[in-house]
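Written below as structure tokens is the structure these notes are about.
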Amino acid sequence: MRQKFFLLTLLAVLLMSIMPTLAQDGIEASVLVEGLDNPRGINFDENGVLFIAESGTGGTTEMMGPFGPATLGFTGQVSVFAEGELSVLIDYL
């Protein structure tokens, strides 16, 4: 546990040390999409359309999972961000 904490702290310090360099190089960051439910993966197609896999909120069926109580349900979906708009491509996953 201590080793994991040390490595995460070291990574955070390293990232903070290079952030000023990134800002000086003119790299800008902006939020494209908000309001996602547990995004798990992203992919761009050849036209620049962004696909987002969301695991959802867990649903309403309760059970005991390997790490404690868990909820299950069909709340996952694949969303698409194209031309400045977010829409659902596949739901009920």
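Taking the criterion of being touching an Asp or Glu at 6+ places or on another chain (Cβ under 6 Å), of a type outside the set (Gly, Ala, Ser) and not in a strand (DSSP E or B), the only residue of the stretch 44-84 that qualifies is Thr57.
Residues in the stretch 42-74 that are within 22 Å of Leu32 (Cβ to Cβ) and touching a Phe, Trp or Tyr at 6+ places or on another chain (Cβ under 8 Å): Ile42, Asn43, Phe44, Asp45, Val49, Leu50, Phe51, Ile52, Gly56.
Taking the criterion of being open to solvent by less than 60 Å² (accessible area, probe 1.4 Å) and either modelled with pLDDT under 75 or in contact with a helix residue (DSSP H, G or I) (Cβ under 9 Å, 6 or more places away or on another chain) (or both), the residues of the stretch 1-57 that qualify are Ala12, Gly26.
The values are calculated or read from the model by the stated rules, or taken from the named source; none is laboratory data. Every value quoted in this text rests on a predicted model; they were computed, and no experiment measured them. For neighbour counting, all protein chains shown are included, and Cβ atoms are generated from backbone atoms with ideal geometry for every residue, glycine included. All accessible areas refer to the heavy atoms of the entire protein, side chains included, with ligands and DNA or RNA removed. Shrake-Rupley method; radii C 1.70, N 1.55, O 1.52, S 1.80 Å.
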